[in-house]
Structure formats: C-alpha cells, structure tokens
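> Before I ask anything, let me first share the structure, which is written out below as structure tokens.
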Amino acid sequence: MSRIEYAYSKTMWHRWAAIAEKFPEKEAIVHWVAGEEPIRWTYKNLIETANNFSVKLYEQGIRAKDVCAIIMKHNPYFYPMYMGIVGIGAIPSVLAFPNPRLHPDKFKQGLSGMTKYSGLDVIITQIDLESTLKPFVESGESTIKQILFPLEWDLNNSSVDSFEKAREIRENIKPTDSFLLQHSSGTTGLQKPVVLSHQALLDHVTQYGTALELDDSDKVVSWLPLYHDMGLIGAFQLPLASGITSIQIDTFEWILAPNLLFEAASDENATMCWLPNFAYNLMADKIPEDEIAGNDLSNFRMIINASEPIRSESHRKFTERFSKYNLKPNVLSTLYGMAEVTLALSQNPPNKPISELIVDRQKLAEGKLQLADNSTKVKRVCVSSGILIPDTELKIVDENRNELDGNSVGEIAVKSISLFDGYKNNPEKTKEVLFDGWYYSGDIGFVYQNEIYVIGRKKDIIIFAGKNIYPEDIEDVINQVPNIIQGRVVAFGEENEELGTEVISIVAETNLTSGQEFHKLKLEIIKAGMSIDVNIYNVYLVPPRWLIKSSSGKPARKTNKERILAGNDKTIWFEKRN
Amino acid sequence: MISERLHKIICSTLGLQEDEVEIKDDTLANQVPGWDSLNHVNVITAIEKDFAVRFKSIEVLKCKNVGDLQKLVDSKINK
C-alpha cells in the first residue's frame, strides 16, 4: 500500500496511457449490474478499446474541438467511448438519458436550449433514441450536425491510416486545450456549460488526490450519475487518472435498491464513496435488514457528503444504523465544491471527525457568527465542509464584494489552480461570477478555525437530491396549467427532514373554489412537473391576489415561502402526502 | 391485468383518487403522478404490507412495468 504520486503528464490521455503501461492488468473500472457478473476493464483493455473508439470517431468525421454530447444508459462501453472522444481532441459532455416521463418535446427543447451555449456538435447515443433525435438533428434547429450510435459499430475494421491519423491528432493536443464540458446546474435551457482543460483536470486530480491521501489500494464505489460533477470527476476521472479502481453502479438501480452500494462495496473491498445528503437518509431508512446482513463495510475509509446542504441528523442516522456492519469511526467526511473549480474546494481531512458548531440562528441570519450558549433562543447546527485543499483560496465577502472579517457570514468567493475560464459562449454570465481571478459562488457561509461552513445560497436555487434546479424552470411550466392564474406561481425548496433533502413546493393562485377542483388541479400541476422530469412534492393553492410581489413585479419567492410555512392562513388549500 | 387491489394500494399511497388514474400492465411507474424514485420504496412497502408478502430488492428492480409488479405479487401469494 503506497501513496499515489502524481508524475507530470501532458494531457489526460497521456496520463491514462502511462498508467496502462505501468499497471496493464490493474482493474480500472468495474461495471456493476444488479444480479449479474460485473464487467471488468483493466487499464490495458480500457485504453486499447478507447483507442479503437478514437479511430472510429475519426472515420465518422469527428474532429478536434468538436463538442460531443453522450446520452447513454448505464453501459460498459461508456467509459472507453468517453476516453476515445478525448483521444482525438474532441470534447465529451455527458447529458442525462431522458427519463420516460420527460415529454419528448421538452427533451428536444432542453437540448435545443443547451446547444445555444454549449454549442453541441455531435450526439453520441444509443439506437433507442434514434426516432426521437434524428428528426430534431435533421431539422437544423440546433448546432448539432451529426448523431452517432457507437454501440452498433464493429471496432475491429478500421484502417491502419486511421490509426496513424488518430495518433497524430492526439500528439498535437496541448495541455491548455479543452478536455471536457460539464454543466454546472439547472434543468433545461438554463444549464451553464463549464469547459475544463487537460491541465485543469490534471491539476485537480493532484490537488484533490493529495487532500484525500489516495493510495494504490483505494477503490471508489459510486452510483452517482456521470452528468453530475461529483460522479464525473470524483468517481470517474479522479480514480482513473490516479491509477485506482472505480466500481460504477447504475443510478436507477441504486435508487430502487439502495443496498447495491454496500453490496458492491463489500464484494469489491471499496474504500471511498461520495454521496449527496439525501442518500444517507434513504439508505438508513430504507435498506431492509435482511439485505444488508452479511455485508462488511470495514474497508471504507471515507464516505464523503457533498452536493447539497450537509445535515448533522443524516450523519447520525447513518452511523447509528450501519456501525454494526463494521463501519469505522470517522469514516464520514464532507466536501465543498462546484463544477467551476472542477469539483472540490475544501475537504474534511481523512480520519478527522467532522466539526459541528451550534450557533445562534438569529445572529446567523443577521450575518454574524455567534456560538450558542444557554441564553440563545434559537439554535442551529452547522456542519463543517473541511479545510481548503492545496492550491485554493477562499474569502467571505459582503454584497459589494468587499472582504469581511473572521466572524462574518457572507458570500463565498474562491480561487483555485483548477478554476474554469468562464461559461462557454456566455460572457455576460461569466462576468457576473468571475472577477479578478475570483469566482463568486453565490453560496453563503463562514470560516471558523480554518474550517468552511456553508449555510445557504444567495439565489433561490433548489437542491433536490443533489440536483440543482432553478425555480424559474418549474414556474414556467406550471404557468401553462389551465386554471392557474398566469404569472402567479412560485416554486421553492422546502426542507424535508425525513428525506434529508429539500423537496419542491409550488404555491399557485387559482379562481377555483371547491376541494374536488383543487385536487384535480394539484394532479395537473404534478403532471406538468413530470413533463420536465421534476418531482413536485407539495402543492399549495391560494386565492387570487394572495401572492406578494417583489419590487420587480414578480411574486417574491422568499416572502411567500415564509407565509406558506407559517401555516396559519386558512385560505391556503393543501393536501398532505402520505 | 392489474388487480383492483393493487390499483387501490398504489393510488392510496400516492394520494390519488382511483378513478383519476388508469394503470395498465404496460404502465411505467414514472408515468403515474407522484410515483417517483424516492416514493418508490413507499409504494413497494405498502404493497408488501397489504398482501403480507416480502420482495427482494432485486426482484423489484427487474420489474419493468406495473404488469411485472402484479406478476411478482401473484407469484408470492401463490407460493
């Protein structure tokens, strides 16, 4: 067992190739499918297959700098395909495979919106989506020029010339060239494309791998979707470029059978995983005892919570439930980061208990950090997101971006060696958040004894089960539902302690008056949410002119949310979920 | 065919009225309002409780639609 040492590599491909040469038979990726024998990629097999994909992609007309969207279900060929795109200097971008509930028009609309900024050139997908996507691509409504189905290809019939050409292209890739494109947040057209260079990724792997004290016996297990930065960078790129193994589970299978994570971890001796907070509650509450019996969690050295606000109660539940399966003390850890810095900014060090502070909630709301004492009326537990990883900086700023002193609460601004250069094709948005080398995150937090605490967000973004959702996206679609008064809808995130995440709530004005009509309208609102693949949990219906407007003339989300949650207004219609 | 009993349990768990949702053999869970991935476990638990049966996660995972779920219930109660 020895600590990973990161040698210089010119590009990510060169890093993968160097690892494959040094450890050809080491497992790079274990592709896990419930109830089946896992498919195992060694570093050698993986890079050879990736090279075959590069050559085929070249033969299909893919060129350096083409942005290639991959829309694919859990498939063992995803990994070499992704690497094959990189291997000819093109830029992979993973998009979510459309859930069957997502209306095909909304899916196409989302893709169309995304192409505006991301500039997608090619869609790489599987044959199931041909009938949905082909007419859209052929209509010329977007930047997409081509749609490819690589799972149908014979990888063994490329010409020698094509191999030589692909190799030549690869050798001309520079460290500063784009490596990948990932989307920072949002649901449809509002997603922000972040492009990261080979250098940024290599730097990040070194800085984050060092902070995690990765060693050659580490193995990452993950069910995280690969269109999300935590899945893509944390569970796929970081292990692959560190020469360690990752075990990849299907997201959809895990959510239906959460014990799969422990089963895979136990069978494969996994040591690390990343989870959003809701997963701690889901696993602690829903894994049946008879299914987890026999699993051994003693190999885990870090289970890292990130992607949504970290809740102390979720950690407590998880530890209480799973300690008897040999979960070591201090295994739980935390991370704070964002796609704009590649993934991580701060990390709780290995083996260190997570710090928690009990503070005065009222003072916190006023922008001051004050530890709670006996006289404190309302307290709040804040969970630390650890210390800065190497080559990063952080400051807390006020509304005018002036740096605040040590005991202040404010917006978190960050610098990192692996910071992005800006959102693709979106200079206005870039200008809003990137200034003088600092990225202004929109997150609110404070620093106490060198540890970072994130307590909220400046904007109204909703984080449901680790996924960032803009309320505007939901409001737009609910506004189209008959019997809703146009423009009189507010969407907001509502804390759900049982699930350990925010759920999506809607408050909408209507002229309807009877309980039966309200119930039908609620159903239509839920269906409208389903059409954009958003799960609406709570529907509050209110009479005309109930919603309070902000100075801009739009219903004010925060104020109206507070009125709803106060729960003392008899004019609100609400049906509690079972 | 989906039994009246299964239809009733699903609707009751999701807070739906029985006459407002049609559930057929080929209906997918995520086509039923409110039957999302986080709520799935609640639906399954309610079915297990009502029929006094126990499913393994892997058995539920292999159900592609409500018709498969009905078959799974039938196979358990006919044991």
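> Distance from a point 7 Å along Cα→Cβ of residue A:285 to each backbone N in the range A:359-387: keep the residues under 20 Å and list them by number.
A:381
> Calculate the FRET efficiency for residue A:421 and residue A:164 from the Cβ-Cβ distance with a Förster distance of 30 Å, rounded to the nearest 0.05.
Computed FRET efficiency for residue A:421 and residue A:164: 0.40.
> What are the extents of the Cα atoms of the range A:464-574 along their three principal axes, listed from largest to smallest and rounded to whole Å?
Result for the range A:464-574: principal-axis Cα extents of 35, 29, 27 Å.
> Taking the Cβ of residue A:317 as the center, what net charge do the other residues with Cβ under 12 Å away carry, scoring Lys and Arg +1 and Asp and Glu -1?
-1
> Starting from the Cα gyration tensor of the protein assembly as shown, take the square roots of the eigenvalues, sort them a ≥ b ≥ c, and report rounded, prolate or oblate (rounded when a/c is under 1.5, otherwise prolate if a/b is larger than b/c, else oblate).
Because its axes are fairly even, with a/c under 1.5, the protein assembly as shown counts as rounded.
> If I model a spin label as a point 7 Å beyond the Cα along the Cα-Cβ vector, how far apart are those points for residue A:395 and residue B:19 in nm?
About 6.6 nm separates the two model spin labels.
> Grab the DSSP H runs of the protein assembly as shown that are 4 residues or longer, score each as -39,500 (n - 2.57), total them, divide by all residues and round the 222 nm result to the nearest 500 deg cm²/dmol.
-10000 deg cm²/dmol
> Looking at the square roots a ≥ b ≥ c of the eigenvalues of the Cα gyration tensor of the range A:46-169, which shape do they give, rounded for a/c under 1.5, prolate if a/b is larger than b/c, or oblate?
prolate
> Okay, next question. Under DSSP H, which helices of chain B have Cα atoms covering 30 Å or more of the helix axis and a Kyte-Doolittle average no less than 1.0? All intermediate terms of the calculation are to be shown ahead of the outcome.
Numbers: long enough: none.
What comes out of the filter, once short or polar helices are dropped, is none.
> List the residues of the range B:36-79 whose accessible area drops by at least 20 Å² when all protein chains are present, compared with their chain alone, using a 1.4 Å probe and counting only protein heavy atoms.
The answer is B:36, B:37, B:38, B:39, B:40, B:41, B:42, B:54, B:57, B:58, B:61, B:62 - residues whose exposure falls by at least 20 Å² when every protein chain is included.
> Taking H placed 1.01 Å from N in the peptide plane, check which residues at least 5 places from residue A:219 or on another chain put their amide H under 5 Å from its amide H.
A:271, A:272
> Mean separation of Cα pairs under 8 Å and 6+ residues apart, divided by the residue count of the range A:12-256: what relative contact order is that in percent?
22 percent
> Given the Cα atoms of the range A:385-448, and with Rh set as the inverse mean 1/r over their pairs in the Kirkwood sense, what is Rg to Rh to two decimals? Working shown, then result.
On the way: Rg = 12.2 Å, Rh = 12.5 Å.
My calculation of the ratio gives 0.98.
> Another question about this same structure. Under 1.5 on a/c is rounded, so check that first for the range B:4-77, then, if it is not, pick prolate when a/b is larger than b/c and oblate when it is not; a ≥ b ≥ c are the square roots of the alpha carbon gyration tensor eigenvalues.
rounded
> Taking the Cβ of residue A:14 as the centre, find all other residues whose Cβ is under 13 Å away and add up their charges (Lys, Arg: +1; Asp, Glu: -1).
Values: positive: A:10, A:15, A:22, A:167, A:170, A:174; negative: A:21, A:171, A:177.
That sum, taken over residues with Cβ under 13 Å, equals +3.
> Which of the listed residues, A:207, A:242, A:107, is farthest toward the dipole's positive end in chain A, when Lys, Arg count +1 and Asp, Glu count -1 at the beta-carbon?
My answer, from the dipole projection, is A:107.
> Here is a follow-up. How high is the relative contact order of chain A, given as a whole-number percent (alpha carbon pairs under 8 Å, six or more residues apart)?
11 percent
> Now, a different point. What fraction of the DSSP beta bridges in chain A is antiparallel, stated in percent and rounded to the nearest 5? Present the calculation step by step, with values, prior to reporting the outcome.
Working: 58 of 92 bridges.
Looking only at bridges with both residues in chain A, the antiparallel portion is about 65 percent.
> On to the next question. Using r as the Cβ-Cβ distance of residue A:215 and residue A:313, and R0 as 56 Å, what FRET efficiency do you calculate, to the nearest 0.05?
0.95
> Using only Cα atoms, locate the centre of the range A:477-513 and the centre of the range B:1-65, then give the distance between them in Å, rounded to an integer.
Measuring centre to centre over Cα atoms gives 25 Å.
> ³J(HN,Hα) across the range A:510-527 via Karplus (A = 6.51, B = -1.76, C = 1.60, θ = phi - 60°), whole Hz, x for Gly/Pro?
With coefficients 6.51, -1.76 and 1.60, one gets 8, 8, 5, 10, 9, x, 5, 5, 4, 4, 5, 5, 4, 4, 5, 5, 4, 5 Hz.
> Given R₀ = 25 Å, FRET efficiency for residue A:486-residue A:575 by Cβ-Cβ distance, to 0.05?
Working: r = 23 Å, r/R0 = 0.94.
About 0.60, to the nearest 0.05.
> Follow-up question, since we're still on this one. Expressed as a whole number of Å, what is the distance separating the alpha-carbon centroids of the range A:370-439 and the range A:48-71?
38 Å
The values are calculated or read from the model by the stated rules, or taken from the named source; none is laboratory data. Model, not experiment: these values are computed from the prediction. Positions of Cβ are backbone-derived with ideal geometry, glycine not excepted, and every protein chain shown enters the neighbour counts. Side chains are part of the model used for accessible areas, which takes the heavy atoms of the whole protein and leaves out ligands, DNA and RNA. Shrake-Rupley method; radii C 1.70, N 1.55, O 1.52, S 1.80 Å.
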